[in-house]
Amino acid sequence: MIPDVDSVADPDRRLALACVAAGIRAATPATVVDEQVSLEGSDLVVDGDRYDLDDYGDVIVVGGGNAAATAGSAVEGVLGDRIDRGAVVTDTPEETERIAVLPGDHPVPSERGVESTRRLLETAASAGPDDLVVALVTGGGSALMPAPAEGIDLGDLQATTEALLESGAAIGEINAVRKHCSALKGGRLAAAAAPATTVGLVFSDVVGNRLDVVASGPLTPDETTFDDALAVLDRYDVDVPDAVDARLRAGADGEYPETPGAGDPVFESVTQHVVADGHTAMDAAAEVAREAGHEPLVLSSRVRGEAGEAAKVLAGVAEECAATGTPVEPPAVLLSGGETTVTIRGDGVGGPNQEFVLSAALELSEPDVVVASVDTDGIDGNSEAAGGVATSATAEPVAEARAALADNDAGTFLERRDGAIVTGPTGTNVNDLRVFVVPEQ
């Protein structure tokens, strides 16, 4: 996943990069599906649950997100010609035989994504009551599967998505708005496939694995309302197109039906399995650390908030580890996952992971500690890098580093100092993976 890791001279930097690479590799659909999905006789086995394919008519695969095509290819490897048809929408294409791989764009929805999502919904709706639908729900699906609701066009969705991404709102808040502007999100894919039996394979990129948030919950009852969506816009002072504002206000007034909630019969035949999440990546990284003679410690899979503020907290934990052996004795590797955000104030290049790394490098008082952070999908914000790697020395001169952060230009700063981690699109997405290597003092 990361070129030439073994050629990196510094052993602590090499270990940080090896942990990152192992985490991404463990979360790839080929690895995950091989471990958790199988065909035993005529039984499709997912996480211990069995579905006898002889009891169903057609087997249909649908889905979307960064990992949808790679997951589809892996599922084809298991089911082969038992799959009758399928359609997935992604920005990371993969060779498939029986599943149509349709193009979309991330993080801002596109016209081709709208057309692809229309075909996806048609494929789901073609399922009859005796059919089995295998739905691949992966991170990035919110943007990649745009289906504008009545009264909204693509331009409205694009402007709304861009404004929300720049606002600093958390992903759940962003999705509360997107669900109420969509014909697919918030349980509506389940409605399209009903009453067929639907089995969801979920690659979670969401803190706490909330199924109503991953890809905006296309198979999950929606707990949010039109009023909640309006509250998000008000909370973050988000300016959206008139058509979006009008739809949300009309929905709050009861002129449009709410997204399907708990108890709706469309969910009676839906089962979802989280087959990969942030722990998948962190557990693999921990094993690499252990093999290198370092004690791994998972701090949390739920780190969130502004990237720069989260960096201060975790840098402090790494410093404590180096100075006192608390919470673990060095040599150690501290791991965390989750999703931080960035409030856009400048016009530079980078994303939350690069801002996290540069902010942590500025904070670290221990010169030998190495910090690395990546978005496991391979793209961090508006950068072509997945994230970055640094020590305190990377953030010199300090004034220039601080100026880069103020302009949201951490990506450019790190690239000039050989601190960018470039993987290319990875074909998976289980959110952020952060590593602090604390050497023996």
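The values are calculated or read from the model by the stated rules, or taken from the named source; none is laboratory data. None of the values given here were measured: they were computed from a predicted structure. Every residue, glycine as well, gets a Cβ built from its backbone with ideal geometry; the counts of neighbours run over all protein chains shown. Each accessible area value is taken on the protein alone, full model and side chains, heavy atoms only, with ligands, DNA and RNA left out. Shrake-Rupley method; radii C 1.70, N 1.55, O 1.52, S 1.80 Å.
The figures follow:
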{"quantity": "Using distinct alpha-carbon pairs, which all enter the 1/r mean, Kirkwood radius of the chain in Å", "calculated": "22.1"}
{"quantity": "Sequence-distant residues sharing a close amide H with G86 (under 5 Å, placed H)", "calculated": "V61, A100"}
{"quantity": "Cα pair distances of region 145-207 binned at 10 Å [whole percent]", "calculated": "19, 44, 30, 6"}
{"quantity": "Restricting region 12-103 to GluC sites (Glu not before Pro) in coil, as DSSP defines it, with at most 11 other Cβ within 10 Å", "calculated": "E95, E97"}
{"quantity": "DSSP beta bridge pairing in the chain, given as percent antiparallel to the nearest 5", "calculated": "45"}
{"quantity": "Region 1-133: relative contact order as a whole-number percent, Cα under 8 Å and 6+ apart", "calculated": "20"}
{"quantity": "Within region 42-196, percent of DSSP bridges classed antiparallel, to nearest 5", "calculated": "25"}
{"quantity": "Point-to-point label distance, A231-D54, nm (Cα→Cβ direction, 7 Å offset)", "calculated": "5.2"}
{"quantity": "Dipole magnitude of region 42-81 about its Cα centre (Cβ charges: Lys, Arg +1; Asp, Glu -1), debye to nearest 20", "calculated": "260"}
{"quantity": "Carbon plus sulfur fraction of accessible area for region 153-213, probe 1.4 Å, in percent", "calculated": "51"}
{"quantity": "Residues of the chain: accessible area per residue with a 1.4 Å probe, Å²", "calculated": "38"}
{"quantity": "Helix-only mean residue ellipticity at 222 nm for the chain, each DSSP H run of n ≥ 4 adding -39500 (n - 2.57), per residue, nearest 500", "calculated": "-11000 deg cm²/dmol"}
{"quantity": "Loop sites in region 338-441: GluC sites (Glu not before Pro), DSSP, at most 16 other Cβ within 10 Å", "calculated": "E384, E440"}
{"quantity": "Dimensionless Rg over Rh [region 30-94; C-alpha; Kirkwood]", "calculated": "0.96"}
{"quantity": "Charge dipole of region 1-114 about the Cα centre (unit charges at C-beta), most positive-ward option of V5, P29, Y56", "calculated": "V5"}
{"quantity": "Rounded percent of accessible protein surface that carbon and sulfur make up, region 1-140, 1.4 Å probe", "calculated": "43"}
{"quantity": "Point-charge dipole on Cβ atoms (K/R +1, D/E -1) for region 320-367, about Cα centre, debye to 20", "calculated": "100"}
{"quantity": "In sequence order, calculated HN-Hα J values of region 427-441 (Karplus, 6.51, -1.76, 1.60; Hz; x Gly/Pro)", "calculated": "x, 9, 6, 10, 6, 7, 10, 10, 9, 10, 9, 10, x, 5, 7"}
{"quantity": "Magnitude of the charge dipole, the chain, Cβ model with Lys/Arg +1 and Asp/Glu -1, debye to 20", "calculated": "180"}
{"quantity": "Of the DSSP H helices in the chain, those whose Cα atoms cover at least 18 Å axially and whose Kyte score averages 0.5 or more", "calculated": "11-26, 307-324"}
